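J.: Sending over a structure as structure tokens; questions will come in a sec.
The values are calculated or read from the model by the stated rules, or taken from the named source; none is laboratory data. Keep in mind the model is a prediction, meaning the values are calculated, not measured. Here the Cβ positions follow ideal geometry from the backbone for every residue, glycine too, while neighbour counts run over all protein chains shown.
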Amino acid sequence: MGVAREKGTELNGVARWEHRTRALSRLFGGPYLACYCLAFVILLLNVYRSHSVTEAMRAQASWEAMERADVFYAGVALVVLGTVLVVSSFLALGFTGTFLGGGASPVGLVLTAIVAVVYKVAIHFEGPFTEMIYRERAERRKRE
């Protein structure tokens, strides 16, 4: 979770800094080359995040319900849908539009606020439960 959260926060800070100072544009000789280099860093961070999430998932116990074929195909469908949405926005915005962004819209701000509230509520309920599960597992391992 930290990788995803921090990457977004740090990149937002870099984008604001670049908008204020144009330091990356001067360093790379123009905004487009700066954008391409920043995009390369973003893609590398995405690879690292994906690797970290994959390793974290491998370290967890599996759930039998997730091994069913219908769940697998539902997951494939969601991945395909997500890919279509990402590719279509990429085609609509172009490379630099995707990585430079287009500014905040009122709808985007409202959706962000809704997502933030949902996460806060989920953490409120999931946090103690998750801690209990890990505490019970640790106690079980001590007895073994």
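J.: Filter region 34-80 for residues that are aromatic (Phe, Trp, Tyr) and over 30 Å from Phe95 (Cβ atoms) and give the result.
T.: Within region 34-80, Trp63, Phe72, Tyr73 qualify.
J.: If you don't mind, there's one more thing I want to ask. Residue by residue through region 1-22, note down the ones that are under 19 Å from Gly97 (Cα atoms) and modelled with pLDDT of 90 or more.
T.: Arg22
J.: Ok, one more. Of the residues Ala56, Ala61, Ala34, Ala92, which is in a helix (DSSP H, G or I), loosely packed, with under 10 Cβ neighbours inside 10 Å and either assigned by TED's automatic domain parsing to the domain that holds Trp17 or modelled with pLDDT under 85 (or both)?
T.: Exactly one residue qualifies, and that residue is Ala92.
J.: Here's something else I'd like to know. Please go through region 64-74 and pick out each residue that is surrounded by 10 or more Cβ atoms within 10 Å (Cβ to Cβ) and either at positive phi or assigned to a helix (DSSP H, G or I) (or both).
T.: Once the filter is applied, which keeps residues that are surrounded by 10 or more Cβ atoms within 10 Å (Cβ to Cβ) and either at positive phi or assigned to a helix (DSSP H, G or I) (or both), region 64-74 yields Val71, Phe72, Tyr73, Ala74.
J.: Turning to a different aspect of this structure: When you look at Gly102, is it assigned to a helix (DSSP H, G or I) and either among the small types (Gly, Ala, Ser) or at pLDDT below 90 (or both), yes or no?
T.: Numbers: assigned to a helix (DSSP H, G or I): no; either among the small types (Gly, Ala, Ser) or at pLDDT below 90 (or both): yes.
Taking the combined requirement at face value, the residue does not satisfy it.
J.: Please find, among Ile42, Ile114, the residue that is free of Cβ contacts under 8 Å to residues at least 60 places away in the same chain and not assigned by TED's automatic domain parsing to the domain that holds Glu10. First the steps, then the outcome.
T.: On the way: Ile42 fails: not assigned by TED's automatic domain parsing to the domain that holds Glu10.
Selected residue: Ile114, the only one of Ile42, Ile114 that is free of Cβ contacts under 8 Å to residues at least 60 places away in the same chain and not assigned by TED's automatic domain parsing to the domain that holds Glu10.
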